[in-house]
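Below is one structure, written out as structure tokens, with a few remarks after it.
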Amino acid sequence: MITGHGGNVKALAHRLKCSIDEIVDMSSNLNPLGPPSGLMEFIAENIHKISSLPDVDAGKMVEAFSRYYNIDYRRVTAGNGTTWFIYTLPAALGSKKMLISGPTYSDYRDGCIMHSVGYTYSMACKESLFEPDLDQVSKMLSDKKLKIDTFVLCNPNNPTGRFIPRKRLIDLIMANSDINFVVDESYLPFMDEADNLTLIRETRFSNLIVLSSMSKIFKIPGLRTGFLCADPLIIKKFMKFYQPWSVNSLAQASVIHLFENKEQIKPFLDETRTFIKKEKQFFQNRLKDCTILRLFDSETYFLLAELTQEIKADKICRYIAERKILIRNCTNFKGLSDKFIRFSLKTREQNIKLADCLTEMDGIA
């Protein structure tokens, strides 16, 4: 259940008999510019906080998040990363059958498996450039035989990078008031106008649950911090499963520090978005003549690629790994196959290194 994620840097370093620092990890979707300036110093200066218990319910962290987004704190709860919420969703919502928009992150499915909850997929395909088919979703939600009560969507999606506009989602939610809608916005902060695209401030719907992660945008996955925003009645359902002191002291302090220094966050986000657009354009241009793969458009900083010749994902991942670069083999994403890989863009130098490896592979495939 916890296998198949990206970022197995330690195993590759051990196999190549090199240090972890020598590995370029382009398999994990983390901000290449993070963490924000000053955060690591703040963590070092506040390491003493681990000698005391944190807020039992991360209340001050919730308040900081609520002030930052200007929303009612009663509509927010904090957790040990969004993963905790994903695995708690089926039990807290009392789900019987979940519809998952795929291909996507496997944990939505694994959360259902953990709680013996049924699930099915609305699967986008390469012919439509992995654009989710909301007409199909609507039909499946209204199909009484399927008995779906919860719909889960990653927006923008991992690994395809596709994004469903706010209005289209709102229309779908309005038409299905008896269905719980879970929208995972973990990668939304990487998009321009994210503040206007988010559903965090949407209070009209009692059936809407929004997940917000700090791990990706601020490059702090090891701190394990995430938020869930929903109607207060849904928050109460999740709190029945909440374990005391779920978010550690250092994580709480770090998140509060970030949100209370709003003047530092905006320039960091602006710089990140500008950098990503520039590097994505550069990388796509660098590979425009590469015949072994086809890149799909993405609203994020990671790119999904289909291998177009006889070569398979395992072979190309091994070839690139020998050059101390880790990319994502997408074989175990339901809806994809051993013909798909994903890579998360990094610095210009590292992106050139990957592009050159792919070009070399093109010449010998």
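Only loop residues by DSSP count here, and only those with at most 15 other Cβ atoms within 10 Å; note down the trypsin sites (Lys or Arg not before Pro) in the stretch 207-287 that meet that.
LYS240
Once Lys and Arg get +1 and Asp and Glu get -1 on their Cβ, which of LEU199, SER122, ALA44 lies farthest toward the positive end of the dipole of the chain?
Comparing the listed Cα positions along the dipole, SER122 ranks first.
Principal axis lengths of the stretch 192-241 from Cα atoms, whole Å, largest first?
For the stretch 192-241, the Cα extents along the three principal axes come out at 31, 30, 10 Å.
With no solvent and one equal point scatterer placed on each C-alpha of the stretch 39-260, evaluate the Debye formula and give log10 I(q)/I(0) for q = 0.10 Å⁻¹, two decimals.
Summing over Cα pairs of the stretch 39-260 leads to -0.44.
When the dipole is taken about the Cα centre of the stretch 39-260, and only Lys, Arg (+1) and Asp, Glu (-1) are charged at their Cβ, what size is it in debye, to the nearest 20?
The calculation lands at about 620 debye.
To the nearest 0.05, what FRET efficiency results for GLN136 and TYR73 with a Förster distance of 51 Å applied to their C-beta separation?
Calculated transfer efficiency: 0.85.
Can you give me the long-range amide H partners of SER122? Hydrogens built in the peptide plane at 1.01 Å from N, cutoff under 5 Å, separation of 5 or more residues or another chain.
Under 5 Å from the amide H of SER122 lie the amide H atoms of ILE100, SER101, GLY102, each far enough along the sequence or on another chain.
Under a Cβ-Cβ cut-off of 13 Å, what is the net charge of the residues other than PHE238 that fall near it, where Lys and Arg count +1 and Asp and Glu count -1?
Computed value for this residue: +3.
Among the GluC sites (Glu not before Pro) within the stretch 300-365, which fall in a DSSP loop and have no more than 14 other Cβ atoms within 10 Å of their own Cβ?
GLU310, GLU322
I'd like the antiparallel share, as a percent to the nearest 5, of DSSP beta bridges with both residues in the chain.
That works out to approximately 50 percent antiparallel.
Name the lysines eligible as straight-distance cross-link partners of LYS96: C-alpha to C-alpha under 22 Å, and not fewer than 8 places from it in the same chain.
In chain and number order, the partners are LYS139, LYS144, LYS145, LYS147, LYS236, LYS237, LYS240, LYS334.
Across all directions of projection, what mean area in square nanometres is found for the Cα convex hull of the stretch 1-159?
Result: a mean projected hull area of 14.1 nm².
Please give the Cα centre distance for the stretch 48-103 versus the stretch 214-284, rounded to the nearest Å.
11
If you take every residue apart from ALA92 with its C-beta less than 10 Å away from the C-beta of ALA92, what net charge results, scoring Lys and Arg +1 and Asp and Glu -1?
In short, +3.
Using the count of nearby Cβ atoms within 10 Å as a rough guide to exposure, how do LYS324, LYS96, LYS167 rank from fewest to most?
LYS167, LYS96, LYS324
Which loop-located GluC sites (Glu not before Pro) does the stretch 167-255 contain, where loop means any DSSP state but H, G, I, E or B and the Cβ has at most 10 other Cβ atoms within 10 Å?
Here the GluC sites (Glu not before Pro) that fit, given the DSSP loop and packing criteria, are GLU193.
Cα-Cα pairs above 25 Å in the stretch 219-345: how many percent?
Cα-Cα pairs of the stretch 219-345 separated by over 25 Å account for 51 percent.
Take THR274, THR225 and order them by how many other Cβ atoms sit within 10 Å, fewest up front.
The fewest-first ordering by Cβ neighbours comes to THR274, THR225.
What are the principal axis extents of the Cα atoms in the stretch 170-214, in Å, biggest first?
For the stretch 170-214, the Cα spread along each principal axis is 31, 17, 15 Å.
Would you mind ranking CYS154, CYS112, CYS357 by Cβ crowding within 10 Å, fewest neighbours first?
If I rank by nearby Cβ atoms, fewest first, I get CYS357, CYS112, CYS154.
Computed from the coordinates by the stated procedures, all read-outs in this text should not be read as laboratory data. Here the structure is a predicted model, which is why all the values come from computation and not from measurement. Backbone-built Cβ (ideal geometry, glycine too); neighbour counts: all protein chains shown.
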